[in-house]
Structure formats: structure tokens, C-alpha cells
Amino acid sequence: MAIVGNGLIGASIRLATLRAWPRVEVAALDAGDEVSNVAGADLVVLAAPVRANIRLLDAIELHVSAATLVTDTGSTKRAICAAAARPPSLNFIGGHPMAGAAKGGAANARADLFDGRPWILTPAPGTVPEAAARLDAFVKGLGAAPHVMTPELHDRFVGAVSHLPQLTASALMHVVGRLAGDAGLEIAGPGLMDMTRLAASPPDIWKDVAATNEDVLRDALTELIRTLTELRDTLGTGTAVDAVFTSASRWRAALERTR
């Protein structure tokens, strides 16, 4: 197999693959490496940022056969699945492991990163069942739990449960830092650390995510801004505080039941 993109996810896929299948030959490539190195691979995993993965589709097309299964690990699915479907189409199934870490990069890769985590697959209509079964088995072998859905449903769900929290955490840390400064942060409790763990994420990756899920994120941010505005405008009466905190507590309990 060939993995194009040697960051946290790509390097962790390599480690998890060798943990499951020690004799598999894995070529780990940076996104800027010569893509002809994917030739001969049974499986190609595109693990670069979202828009880089889309560009790589055309680059690898000349070097893979019709039997080569191609997948990706990007955080949005509509754009890359549409690009992969343009003729002559690749044997492509979109994928997205719902796993990560506070710090990116290959130095932080772990073989157990995907253990017990959802891995979303977005096969196109007409996908060969044998190809879908191969990728399902691969994902399970890495320790993850496959979930199949359409690219549209993926982007809507993940926009809510992953992309919006990332934008919110980064915006929150930005505002808190400007209001409190270094001196104020010295007295911060663990709540701020818990709330802003995602704020260490690199902006380049998230610029791609935002650009390829703009409509979903625009609606999600509009709803968040509306809720924050209600909280601001009823601070004296506590009306929105009561309603939002009650709803949040209920949904938090629902989230905990899924763990």
C-alpha cells in the first residue's frame, strides 16, 4: 500500500497497518514526493490536507490500475467524492477516521490512534461490493469501527460534531487570550484547558476544511451566534442561561452515553 501524506493521520495509519499486518509493504510518501511511487500499490491512502488530496487524484491517476483501491482521510467528503467521480473515474471510496490528537505531525503518530474510533466511509452509488468489503476489512484491521453514509450526510454531521467545535474552541481561546493576557491565564482553572484543547490545531488544515464545507459551517456558526446573542441580551434575567444550560446538560448526557 501507499500512503500519501506523512502527518499524524498518515503516519498513524502506517503504524496501525504494520501492527495488524507486519509483512505488508507500506510506502509512506509526503504530498510533494513523486506520485509515481504509488504504482503497483493495491491500496492508496491520500492523507494530505483536503484540497491537496483533491489535486492528488489527477496526479495518481496515471500510475494506478483499475484494480487499485483509492481512499482518503479528509475531514470533508462532498468535494473529493465529486472530483473522484469525474471520468475517467478512479476506484475511489471516501474515508474519514474520526480520530486525532492535540498535536499533529508524524512525531505524535500512534498505532492505537484509531482503536474503537468511528471511521466514516462514503462509497459512491455503483461502488463494486468487493472494493467496499476490502476497505471495510482494512479499517477494522486498524482497530476502527466503519460507518457508511453519503458524502452529504457526512459533511452535515461532521460539520456539527467536529468542525463547529474546532472553530468555537479557537475563537474562544483567541478572545480569552486577548481579554486576559499572560497574567490572567496564570490563574485559569482546568475548565479553560478542557474547553480549548483543540485551539492548538494548525490553521492550514482547517482553512481547507472550512472552504470545502462552507455552507454547512455558515449555518452552524449562524446558529451559534444567535444563541450567544440571546445569552448576552438576557444576562440580567437569566432567561437564555436557564434554557441553554438545561438543553446543554441534556445533550451532554446523550453524548456521554455514546462513549
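In table form, for the structure just shown:
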| item | result |
| --- | --- |
| Residues located in the stretch 105-134, provided they are buried (at least 17 other Cβ atoms within 10 Å of the Cβ) and either touching a helix residue (DSSP H, G or I) at 6+ places or on another chain (Cβ under 7 Å) or closer than 13 Å to Ile9 by Cα (or both) | Ala106, Ala109, Ala111, Leu113, Phe114, Trp119, Ile120, Leu121, Thr122, Pro123 |
| Test: residue in the stretch 192-203 that is under 21 Å from Thr73 (Cβ atoms), modelled with pLDDT under 95 and surrounded by 15 or more Cβ atoms within 10 Å (Cβ to Cβ) | yes |
| Among the residues listed as Val44, Val64, the single one being more than 14 Å from Ile9 (Cβ to Cβ), open to solvent by less than 10 Å² (accessible area, probe 1.4 Å) and not charged (D, E, K, R) | Val44 |
| Matching entry among Leu167, Leu172 (being of a type in the set (A, V, I, L, M, F, W, C), closer than 27 Å to Asp72 by Cα, open to solvent by 50 Å² or more (accessible area, probe 1.4 Å) and modelled with pLDDT of 95 or more) | Leu167 |
| Elements of type helices (runs of 4 or more DSSP H) in the stretch 111-212, at least 1 residues being aromatic (Phe, Trp, Tyr) and free of Cβ contacts under 8 Å to residues at least 60 places away in the same chain | 151-158, 203-212 |
| Residue within the stretch 11-27 that is of a type in the set (Ser, Thr, Tyr), without any contact (Cβ under 8 Å) to a residue 40 or more places away in the chain and surrounded by fewer than 23 Cβ atoms within 10 Å (Cβ to Cβ) present | no |
| Residue match in the stretch 67-76 (condition: touching a residue at least 40 places away in the same chain (Cβ under 8 Å), over 27 Å from Pro165 (Cα atoms), open to solvent by less than 40 Å² (accessible area, probe 1.4 Å) and of a type outside the set (Asp, Glu)) | yes |
| Residues of the stretch 77-89 that turn out to be open to solvent by less than 30 Å² (accessible area, probe 1.4 Å) and either out of contact with any Ser or Thr (no Cβ under 9 Å at 6 or more places or on another chain) or modelled with pLDDT under 95 (or both), as a count | 2 |
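The values are calculated or read from the model by the stated rules, or taken from the named source; none is laboratory data. None of these values were measured; they are calculated from a predicted model. Using ideal geometry, Cβ is built from the backbone for each residue, glycine included, and neighbour counts are taken over all protein chains shown. For accessibility, only protein heavy atoms count, side chains too; no ligands or nucleic acids. Shrake-Rupley method; radii C 1.70, N 1.55, O 1.52, S 1.80 Å.
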